[in-house]
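Trainee: The following block contains the structure, expressed as structure tokens.
Quick note: the coordinates plus some simple rules give every number you see, no bench work behind them. This is a predicted model, so every value here is computed, not measured. Note that each Cβ is placed from the backbone with ideal geometry, even for glycine, and that neighbours are counted across all protein chains shown.
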Amino acid sequence: MRLIQNMCTIAEYPAPGSAAAAAAAADCCAGAAGRRLVKIAVVGASGVGKTALVVRFLTKRFIGDYERNAGNLYTRQVQIEGETLAIQVQDTPGIQVHENGLSCGEQLNRCIRWADAVVIVFSITDYKSYELIGQLHQHVQQLHLGTRLPVVVVANKADLLHVKQVDPQLGLQLASVLGCSFYEVSVSENYNDVYSAFHVLCKEVSHKQQPSSTPEKRRTSLIPRPKSPNMQDLKRRFKQALSAKVRTVTSV
């Protein structure tokens, strides 16, 4: 996969159908006309490194300090299996947990509904962020009833072993139960692992967007192909018919 277009950002979520939403879509999709679009939302608790993960994937750079995120949308064109796709990655504010469960505002819900796929991020240095995964995955799927949204679970800050609170094996086991891919990454030290997580997700969405066959092809496949005529059989029948005609003429 190759990054080939500059990144653009949107400072906040525009309301659906608004003029701001239309302008944002036009700006972020500039140059991507005619290309298939893959939309990815990155979600998780506060402080797990969501913004750093997104920026690392898009630019290969790691920046240690970020302002608290209000929700930025990043757009790139990438090459996947020889096809250029327009990839939009939506960063999101950190999710809060209350006694009654997750606190997901309408902005976050709108972002999840918008997405074709989701990256759920937790930090191995924050056990509470790990505990969010199951609830968050369930919430994501509830917002996409009728279809199973592709999800990748990412365990970040793998380099901070001296303050580890979560064994990455726990993340792998939970992701397996949820039916998700799992990646343990260090955004600060290793770009390749970050790349792999997003690449697999983009590839899964790309394959999901491509129908295996069109209705016309499926209907055609149900119609049996006529058998080729047997020329020897046709000659035999012709001779029989000719002989019968000759016998009739002779008898007359």
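Trainee: Suppose the chain between residue 102 and residue 172 were pulled fully straight at 0.36 nm per residue; how much longer would it get relative to their current alpha carbon spacing?
Mentor: That pair, residue 102 and residue 172, stretches by 23.0 nm at full extension.
Trainee: Collect residues whose amide H, placed 1.01 Å from N in the peptide plane, falls under 5 Å from the amide H of residue 165; neighbours closer than 5 in sequence don't count.
Mentor: 125, 126
Trainee: Using a simple spin-label model with points 7 Å from Cα along the Cα→Cβ vector, what separation in nm is obtained for residue 109 and residue 35?
Mentor: 3.3
Trainee: With charges set only on the Cβ (+1 for Lys and Arg, -1 for Asp and Glu), what does the dipole of region 97-146 come to about its Cα centre, in debye to the nearest 20?
Mentor: Once rounded to the nearest 20, the dipole reads 120 debye.
Trainee: Once you have a ≥ b ≥ c as the square roots of the Cα gyration tensor eigenvalues for region 52-187, tell me rounded if a/c is under 1.5, and otherwise prolate or oblate according to whether a/b is larger than b/c.
Mentor: In terms of gyration-tensor shape, rounded.
Trainee: Let me ask something additional. Net charge near residue 36: determine it from the other residues with C-beta under 15 Å of the C-beta of residue 36, scoring Lys and Arg +1 and Asp and Glu -1.
Mentor: Overall, the nearby charge balance is +1.
Trainee: Put a dot 7 Å past each Cα toward the Cβ at residue 192 and residue 147; how far apart are the dots in nm?
Mentor: In this crude spin-label approximation the distance works out to 3.4 nm.
Trainee: Next up: Taking a threshold of 26 Å on the Cα-Cα distance, which of the pairs 60/157; 39/164; 60/203; 50/203 fall above it?
Mentor: 39/164
Trainee: If you don't mind, there's one more thing I want to ask. Subtract the Cα-Cα distance of residue 162 and residue 77 from 0.36 nm times their separation in residues, and report this length gain in nm to one decimal.
Mentor: 26.8 nm
Trainee: Let me ask something else. With a point put 7 Å past each Cα toward its Cβ, work out how far residue 128 is from residue 46 in nm, to one decimal.
Mentor: It is 0.9 nm.
Trainee: Is region 115-157 rounded, prolate or oblate when judged by the Cα gyration tensor, a ≥ b ≥ c being the square roots of its eigenvalues, rounded requiring a/c under 1.5 and prolate requiring a/b larger than b/c?
Mentor: It is oblate, given that a/c is not under 1.5 and a/b is not larger than b/c.
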